[in-house]
Structure formats: structure tokens, C-alpha cells
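Just below is one structure, and these are the notes that go with it.
Where a number appears in this text, it was derived from the coordinates with a stated rule and is not lab data. Everything numeric in this text was worked out from a predicted model, so none of it was measured. Positions of Cβ are backbone-derived with ideal geometry, glycine not excepted, and every protein chain shown enters the neighbour counts.
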Amino acid sequence: MADMAPPLAFPALHASHAGIWIASPDGETRRVGKAEAVARAAETPMILLNAPLVAQRLGYAELSGLDLLELFAFVHPARFVVPTAKGLSELLGLGEPTGDEAVARLLVTAAQTLLATLTDAVWPEREGAWDAAQALARLRWPWARVVADQLPRPEQKERWLFSKLPEWEEAPPRTPPRSVVLDRSAVDEQLAPADRQRCRDPRRPARLCRQRGAYFRSADAQR
């Protein structure tokens with residue numbers, strides 16, 4: 001069981017069609033206007049869920065912050081999660097939030113939970129994580145410093161995480177479908193018993209049996 005990571009000093013920002021909420025690290029959650037949200041996001045890193053979507057809802061294309069989807073991809077690479085508060089909470093076992101105010105608080109808790117995983121002795125993706133974090137730090141990944149504080153430096157060189165996965169090769173293209181011509185006599189022989197049974201059924205109009213025969217005669221004439 002991992003120890004809980006130290007409390008984060010960053011607030012969380014949640015924007016929906018109903019409004020915008022900011023959850024402070026001390027637990028306070030309040031509704032704010034778009035102008036205040038943009039100003040806060042510009043001056044301090046904010047925990048977000050799906051940063052491009054939040055930027056669109058705020059009308060602030062330059063928005064950057066601590067995207068939980070990116071942190072999740074680092075902690076659980078190649079694992080799928082529905083990119084919503086409900087999807088993330090279900091996968092992390094945090095319980096579904098009820099209302100937008102609860103979503104803002106959930107973002108802080110989810111970040112705390114993911115960071116705590118980095119200190120778990122049985123975290124399956126641990127090997128290579130420190131090197132990956134250093135590489136991301138050089139690329140100025142927003143989570144790099146926070147992640148680095150949770151990851152001890154390995155005593156020896158580790159394999160890159162994805163080097164442990166089996167090699168994947170592209171499969172050849174599927175063979176295109178081919179046309180198959182069926183022998184008319186063989187088809188009639190195969191269908192004859194069923195046709196006779198259906199045509200004996202008093203509920204089946206006799207004209208349908210005649211129409212089927214006329215259809216096949218017409219098809220034979222066109223060949």
C-alpha cells in the first residue's frame with residue numbers, strides 16, 4: 001500500500017457548461033467567473049482534466065496546466081480511461097462525484113492518488129519511470145517537478161518501460177473478397193426440400209412460390 005503523497009500546493013479548475021469552479025488545496029471550493037478563472041490560470045499552475053476542452057470552454061487557447069490525463073498516462077501507460085471525471089474516479093476507486101463543485105474537489109484527490117501510486121513498492125510500471133520523468137522534464141512537462149519529487153533515483157540503469165512490451169508488427173492487408181459463382185442446379189437441389197415444405201404451408205401465398213421460380217428463370221436468361 002502506497003503512502004499518501006504530500007499535499008499539493010496547486011488548486012484545481014473545473015469548467016462545465018453550467019459554470020466554473022476552483023478547488024483550493026485547503027479544501028475550499030467556490031464558483032468563479034470566466035475572467036477570474038483565466039487570470040488565476042495565467043498566474044499559477046492549475047490541476048485540470050482534459051486541458052484542451054477546458055481551454056475551449058474558457059475561451060483561452062493559451063491555457064496550460066497540470067492535466068490529470070497526462071499524469072494518468074505517465075502513472076498507468078497504455079491503460080485506457082474514459083476522459084471524464086466519472087471515468088477517472090471509477091478507475092481510481094474514488095466514487096462518482098455529484099455535481100460540479102464535487103468534481104473540482106475530485107481533481108485534487110485524483111492527483112493526490114496518482115502521485116501516491118509513484119511511491120507504491122508494487123507499482124508495476126516503476127521500472128524506467130525515473131528516466132522517463134527526467135526526459136519529460138527536459139521537455140518542460142508541467143508535471144515533471146511534482147513527479148520527480150515522488151520518484152527515488154534508481155541505483156542502476158533501468159530498462160525503458162516500453163522495451164518490456166512484446167514487439168508489434170503490422171499485419172498484412174486482408175485478402176480482398178472474390179466473386180463466387182454458384183451452380184444453379186446445385187442451389188436448386190439444396191433449397192428444394194425447404195421450398196417444397198414452405199409452399200405446402202397454407203399460410204404462405206402461392207404467388208410467392210411462383211415469383212421465386214420466375215426470378216431464377218429471369219436470372220438464367222441474363223447470363
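Here are some notes:
- Extension gain (nm, one decimal) between residue 18 and residue 159, 0.36 nm per residue minus Cα-Cα: 46.1 nm
- A DSSP coil position with no more than 11 other Cβ atoms inside 10 Å describes the following GluC sites (Glu not before Pro) in the range 23-61: 28.
- Sites matching chymotrypsin sites (Phe, Trp or Tyr not before Pro) across the range 72-140 that sit in DSSP coil, with at most 11 neighbouring C-beta atoms within 10 Å: 80
- Two-site FRET efficiency, residue 56 against residue 178, from Cβ-Cβ distance with R₀ of 30 Å, rounded to 0.05: 0.05
- The residue 191 and residue 171 beta-carbon pair, evaluated with R₀ = 25 Å, returns a calculated FRET efficiency of approximately 0.10.
- With a Förster radius of 30 Å applied to the C-beta separation of residue 78 and residue 35, the computed FRET efficiency comes to 0.15.
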